[in-house]
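Written below as structure tokens is the structure these notes are about.
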Amino acid sequence: MSRTLFEKHCQPCTIGTRAMLPEDANQMLTAIPRWKKVSVDGMDQIRREFHFPDFKEAAAFTHKVGLIAEREDHHPSLLLEWGKVTVSWWTHKANGLHENDFIMAAKTDLIASNTMGAK
């Protein structure tokens, strides 16, 4: 990868975009080591939990992730709980993982590193 993932931008996907091969996805995971690949209803996703000292900080983090998702036009599943946010990325049009998901995971990590209290 010539540029770090968080410096890249999502590319538009169309119906018929192919999901990454599992070995390519596993290689990309090395760049975002706190993320785990999971399968939901037979579709690969990447997921990470972020922990906060309270609901207010967790909600603020969720809002920041939402803002960057809008800017990149690539949207995650966000589960906001007291002191915890679970973020899942996958590409619906590819029915699985695409480079965009890893780019957004890296951007999510950057938001967390700049957010007070995130673990």
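Read-outs throughout are calculated quantities, based only on the coordinates presented, and are distinct from any laboratory measurement. Remember, predicted model here, so these are calculated numbers, not experimental data. Cβ atoms come from the backbone with ideal geometry, glycine included; neighbour counts cover every protein chain shown.
Taken about its Cα centre, the chain carries a charge dipole of roughly 160 debye when the Cβ of each Lys and Arg holds +1 and the Cβ of each Asp and Glu holds -1. Between the listed residues 113, 53, 87, the Cα displaced farthest toward the positive end of the dipole of the range 40-119, a dipole computed from Cβ unit charges relative to the Cα centre, is found at 53. The reciprocal of the average 1/r between distinct C-alpha atoms defines the Kirkwood hydrodynamic radius, which for the chain equals 14.4 Å.
Which of the trypsin sites (Lys or Arg not before Pro) found in the range 1-76 are in a DSSP loop and have at most 10 neighbouring Cβ atoms, other than their own, within 10 Å?
Filter output for the range 1-76: 3.
Lysine pair count for the chain (Cα-Cα distance under 15 Å; residues 8 or more apart in sequence or on different chains): 7. Among 97, 78, a tally of other beta-carbon atoms within 10 Å of each Cβ gives an order, fewest to most, of 78, 97. Whole-Hz Karplus values for the range 76-85 come out as x, 8, 10, 10, 9, 9, 4, x, 8, 10 Hz, taken residue by residue from phi with 6.51 cos²θ - 1.76 cosθ + 1.60 and θ = phi - 60°; glycine and proline positions read x.
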